[in-house]
Every structure is written in C-alpha cells, then in structure tokens.
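The values are calculated or read from the model by the stated rules, or taken from the named source; none is laboratory data. This one's a predicted model, so the numbers in the text were calculated from it and none came from an experiment. Please note: Cβ atoms are built from the backbone with ideal geometry, for glycine as well, and neighbour counts cover all protein chains shown. Calculation scope for accessible area: heavy atoms of the full protein, side chains included, ligands and nucleic acids excluded. Shrake-Rupley method; radii C 1.70, N 1.55, O 1.52, S 1.80 Å.
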Amino acid sequence: MADEPRLYRPRERELPPRDEHRLTASLNPDQARAVTFGDAPLLVIAGAGTGKTRTLIHRVAALIERGVAPERVLLLTFTRRAAAEMLSRAERLVGSAGVRVHGGTFHSVGHRLLRQFGAAAGLPADFSIMDQADAEDLMQLARGAMGFTKTAKRFPKKETLHWLYSRHINTELPIDELLHRDVPHFLEYEVQIAALFADYTLRKQERNLVDYDDLLLFWAMMMEASPELQSRVAGLYEHVLVDEYQDTNLLQARILRGMCSKHGRLTVVGDDAQSIYAFRGAHFRNILDFPRQFPGATMVTLAQNYRSTQPILDLSNMVISRAEERFSKDLWTSREGGEKPWLVTARDEAQQTRFVVDRVLQLHESGVELRDMAVLFRAGYMSADLEIELANRKIPFEKWGGLKFLEAAHVKDVLAFLRVSENPRDEVSWYRILMLMPGIGDTTARAMMATMQERAWDPDAFTHLIAPPRARDAHRALAVMLRQLRGLTSKVGDTAGAKVASDIAAVRSIYDAILKEKYDRPDARLADLDQLRTISAGYPSRTSFLAALALDPPSNTQDLAGGSESESDALILSTVHSAKGKEWKAVFVIWAVDGWFPSSRAVDDPDELEEERRLMYVALTRAKDELAIVYPMQVYGSRRSADYSFDQLSRFLDRGVRGTMQRVVVEEPGDVPAPAPIESPTIDLRALMRGRFEKK
C-alpha cells in the first residue's frame, strides 16, 4: 500500500580515536577508579546525583576500548528507555561499537535467552507473554474452573491471588508465611490457594503462556538445573553490568550468580539509601550482602554530588544517618551558596495547598519554569486538594501515574486479536475477543473455548464452531479476519513491518465498529489505534512487537515510540516512587506528617519503617536549588467536617534534622500583625485588680 511507512536504517557511525585518557578526563577520581577497574566483582555505591549513569556508561566504553567485544558485554537496566539512553551515550564515546552491546531489562534479556535456549529446557520457542492484567485474568479462569467463585465465605480475588503468587516467586517466601504476614484473613484457604496456583501453572503450560515472573524464574532454573545450559548461556558474556542494583530481588540475584559464577566479572551500581521497592519484591539485602555473595568484591563509593546545594545535602545526609543499616557515605558538592531547606508549618491542608501554589507562582515569576518544579507526596490521594486548587487557578500540572496506554481497554482489545494469531492456545485473549462479539456472552464464550480446547486449539477450530443464531454474522466475519491474520490471505511482497501494520488494519476492519458502539466519544481511542499501527511498522515481526509491548509497557504512545518528554510547561505532581531518578530546581514535599509520611501501615514494622526513611531521603535528594517540606498541624475528617485532629511532624524530622533547616510559618491573609512591644508598662493590671477588693 502507498501509505505504508518505509523502514530507514541509519548509517554506521564511527568517531575518530582520541588519546588514551579521554574516557577519564571528565571524571572525578572515584568515578575514574570505577571506570578503569579490572575484572573482579565491583560494587559501586553511588549516592543520589553523583553521576551513577555517567560512570556506568564510561565503564562500558572502557571495556570496549580494552578490547572486549561489544556483543560480549551485557548491560542490565530496569527500563527499556534507560537501556536505550545508555547505549546511545556509549555510542557517542566509542562509535558504532557501542550499539552492539547487549542491553535491556532483566525481563527482556530473559525473554531473548528463553527464545534462544528454552527449547533445550522443554519450553517451546513460540510461547506468548502475558502482561499482569492477562495473568490476573488467567488466574480468574483457574479460580472459576475450580469452583472458588461460589464459596460461601469470601475467597481471594484474582488480583490478590496474582499478587501472592508473584510475591512467592520473587521473594522465595513460603505461601503460608506470606498469608500469615500479609493477608491472615485468608489463612483458612491455604490448601485451596496452593491447589489453584498449581492449576494456574498447568494452564500456562498447556497454553504455552509465560508471565513476567516466568521470564526470570525459567532463566534462573535453566542455569541451575543444567550445567551444560549454564555454560552456554553464561558463556555468551564476558562482563555483566547492572544498574540500580538496590532494586533487584532474590530471583535476579540468583540469575547474576549463575551468569558470573565462572568468571566473576560483575559490576553493579546502586545506592542502598534509595532502596524503596520492597512492595515489588526488591530485596534490600542484595546490595548490603554483595561483598559476601561475591567474594573478593571491591567497593567504590561515589559521594560528590552534582545536583543539589550543600544545605540540601546536609539535610539529606542527616536524615539517612539515622538508618539502622547502611553503607556509610556523606554526599558533598563543590557548588557554592544555597539557602537552608524550609520546614513549613501550615495550619491545615487548605493552608498547605495555598502555600504551595503561592510559592510556585512566586518562583515562576522569578524565572523558574513550571516543569522545573515538583510537588512530591507519599501516596497519590494526598494531592487531591492541591489538584483542585491548581485547576481553579488555571495552573497547568501533570500528575505522574494513572492509566497507562497499554492498560486502556481498546488497546488491549486490538492486541488480543494479534495474540491469538500468534498463539491459538491463548485462552485469556480468546475470552476477551469473544466477549466483544455481538450475541456472545460469558456462557457461550466459555463453551466455545472448551470446544477449541477439545480440538487441541487447532487454528481452524474456531472457523468450524457452530455459533448461536444471533452471533453467526459476527462469527463469520471474525473467522475470515483471523485467517487473514494467520497469513493465509496476506499479500505477497509485504515487508515484515508493513505486515504488522496490515494486521492491525485488518483487526480494525471489525473492531472500529465495536469501539464506536461501545464508547460515546471514540475519537481519542481511534487516534490511539492509529498511532499503534504506525509504531508497529518499526518492528521486524508480530512476535517482536507483542514481546516489546509486554516486556516494558509504555505509559503512552510517545513513550512507546521513544519520543522525548512533554515540552509543555506544567507543574509536576508525583508520588516519591514515581519521582525516583528525576530532579527539579524546586521541590515541595507535602504531608510530612506521621501516619502520612511515614505511612501508618509501616510504623509497626521496623523493616518497612526503614524503607519509609529511605523514601523520604529519595524525596529530599530530588531538589537542586530549592526544597520545602510542608506539614499541616490539623487534619479534618472531610472537606466539610468541623472535626479535626492534631498532626505530629514526621518522625524522620527529629531535632537534629531540624537543625539543618529553617522554620517557616505561613501567615494567613487578614491575620492581625503583632504590635511593637512597649518598653515600659503604662498601667498595672494586677494592681487595678487588687484595688477592686481593697478596703476603701
């Protein structure tokens, strides 16, 4: 077709050679030591803003210049974008060799290795990857098939079951211990939950599906169960480098031990003080125990900060110095000036909001752009009042989080058609598609899937099903379209990328009408699907396209396309977790109140409380020039309530910490200023009072 996009392959880029010291000329001594380190295990403790990414990229470049083949270097990161950015920067240092480095997330590398070696371990190479929502749906199918949806007492929902299963895999904790610790009200169902997990595992096997956890678990098991496979997989790489090591879980640590057990050439970079993802299974002890798990390890500490002023670092250092267990380091900077961070006392939430908005406007008027300022909070609901005020004042803002692009129903619908074409046994996607068809409900959909299962999920099984009378037209159209997606009617001469775009166009020949019937205002959703089709043309195959979407879900189409961040000038509102890795000229941390930050759920658990302290540290170290921590003294039960309670300042801001800050009290408009003191009294009130009762 004339409108199909062409794939442009960029030319190879080589940079002229420079002197041998060029890679370290711009580094400080600690960074240079890490970059030029030899072949033993290396732990780089990189404090916030100390050039962690720069150091890691230069180490990759230094390995290549030492003669290590780029394709024998593996760089593991936690986002697709981080890997792409690092490899791009490495290319600028060493030319086109930099892009030949194998980089990606743990899950994407695990996926690549399982495609390559999984068949030798009994895993067919044409498996399909489920995202979290798909895994939860499959858990629900197992839950229903085993009759747990009809129990007299409440049985865990699919989201809770999937969360328990994933925690069990990633933390290696027994199911009964997780139940005791996190959801004790479901303890009576321990046996049934274990049986359901077994059925879920069997369903994945029978349908050739893998979930996110399988990508890591199978990678680890493949190496641990077979010395031959370990030798082949680990032998692919001479050096392994890991970013954000404090965010790894026990399963990822097992993988690294297997990959580096023979040569020990492992470099990990991280900051124990920024370990804040225990709820995702991250294990704080991974980074603390690195020297014990990898004997002979060397540790290099990066403490020179290039982000914040010294007063901000003084506060941050003081907060984290209270941690029970940590690698000792004090961040410092050569930057001069900067005023002490503000500790702002507000009467209540309304006054806290007015202070933040007024101060934002004041800074904006002095030349600070809105996008260079951020308001951080412990949990998303804490910004509700602020969002209302910003909207009323017509101040543009962007809140990080919320519905992600691939979680949108219309996008998941279209992808379901592609998934069943790749894997006819994908029960979850079949159910989603069938429930879209006019005249097909839950009972009919399950019956049709049962028939296809009896026929061993033959790709043509759906075509030969007898549909209910009301669904026959929809069944016929869907059968024709699915045959087209399987390539039986594809056009000769289609390029791979154009074929994926054509597949989406074929799906939309049926789906657009469904979408318009389903939604009152479909235009934005149709535009999403247009963008999805355009992007799909950049992938060499439908398999790679679906895998890329599942392995690193983008939050929007711009992210999927690798575009830059929004250029609009808008204030950033963000949870601290979402703000990690970012920086702004001015930062406001609101709700610095016990029970809010730290969370009330954490105050009775020492480990969780320590993670809350690290979360506060992450919030403080996002600021470059201006930092204000705000706490309201009163909190009302609701916006219209007359009842309130007095709040206590966050326990992380103790007397010593407050000594590094300046106190600021918000003055309300209309407050009567205190009069100037009178040096000598003009009357004696007590004498007048005595006079009332003195005898005349």
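What residue among Ala628, Val593, Gly281 has its Cα farthest toward the positive end of the dipole of the chain, where the charges are +1 on Lys, Arg and -1 on Asp, Glu, each on the Cβ? The residue sitting most towards the positive pole is Gly281. Per-residue Karplus couplings for the stretch 437-446, computed as 6.51 cos²θ - 1.76 cosθ + 1.60 with θ equal to phi - 60°, are listed in order as 6, x, x, 10, x, 4, 5, 5, 4, 5 Hz, Gly and Pro entered as x.
Measuring against 19 Å, Cα to Cα, the residue pairs Lys340/Lys399; Lys394/Lys580; Lys340/Lys585; Lys340/Lys624; Lys52/Lys582 contain Lys340/Lys399; Lys394/Lys580 as the ones spanning a longer distance.
Extension gain Ala527-Ala225, at 0.36 nm per residue separation less the Cα-Cα distance, in nm? Don't jump to the answer; show the numbers that get you there.
Numbers: separation 302, 0.36 × 302 = 108.72 nm, distance 4.78 nm.
Full extension of this stretch gives 103.9 nm more.
Using a probe radius of 1.4 angstrom, the carbon and sulfur fraction of the accessible surface of the stretch 275-434 is 50%. A dipole drawn for the chain from +1 and -1 charges on Cβ atoms has a positive end, and of Met452, Val319, Ala220 the residue lying farthest that way is Met452. Net charge dipole, the chain: roughly 460 debye, given to the nearest 20, about the Cα centre with Cβ charges of +1 for Lys and Arg and -1 for Asp and Glu. These residues, Arg100, Arg292, go from largest to smallest accessible area, 1.4 Å probe, as Arg292, Arg100. With R₀ set to 25 Å, the beta-carbon distance separating Asp330 from Thr298 gives a calculated FRET efficiency near 0.75. Near Asp211, the amide H atoms lying under 5 Å from its own belong to Met130; only residues 5 or more places off or on other chains count, and H is placed 1.01 Å from N.
Tell me what the chain gives for mean residue ellipticity at 222 nm when only DSSP H runs of n ≥ 4 count, each as -39,500 (n - 2.57), the sum divided by the residue total, rounded to 500 deg cm²/dmol. Result for the chain: -13500 deg cm²/dmol, rounded to the nearest 500.
Our coupling estimate for the stretch 683-691, obtained by passing each phi through the Karplus curve with A = 6.51, B = -1.76, C = 1.60 and θ = phi - 60°, is 9, 10, 4, 5, 5, 4, 5, 5, x Hz, Gly and Pro reported as x. Per-residue 3J(HN,Hα) values for the stretch 165-181, derived from phi via the Karplus relation 6.51 cos²θ - 1.76 cosθ + 1.60 with θ = phi - 60°, read 4, 5, 4, 4, 5, 7, 9, 6, 8, x, 4, 5, 5, 5, 5, 4, 7 Hz in sequence order (x marks Gly and Pro). A dipole drawn for the chain from +1 and -1 charges on Cβ atoms has a positive end, and of Leu141, Leu418, Asn28 the residue lying farthest that way is Leu418.
Exposure here means at most 12 other Cβ atoms within 10 Å; with chymotrypsin sites (Phe, Trp or Tyr not before Pro) in a DSSP loop as sites, the longest stretch of the chain lacking them is 9-692.
Projected label points at Arg470 and Thr451, each 7 Å from Cα along the beta carbon direction, are separated by 1.7 nanometres. In straight-distance terms, cross-link reach from Lys262 covers every one of the aspartates and glutamates whose alpha-carbon lies under 20 Å from its own, apart from those fewer than eight places away in the same chain; here that gives Asp39, Glu71, Glu224, Glu228, Glu238, Asp289. Between the amide H of Val375 and those of Ile572, Leu573, Ser574, Phe588, distances stay under 5 Å, these residues lying 5 or more places away or on another chain, with hydrogens modeled in the peptide plane.
Averaging the Cα positions of each part gives two centres, and for the stretch 347-403 and the stretch 221-248 these lie 45 Å apart. Solvent exposure of the chain amounts to 48 Å² per residue of accessible area, where only protein heavy atoms count and the probe is 1.4 Å.
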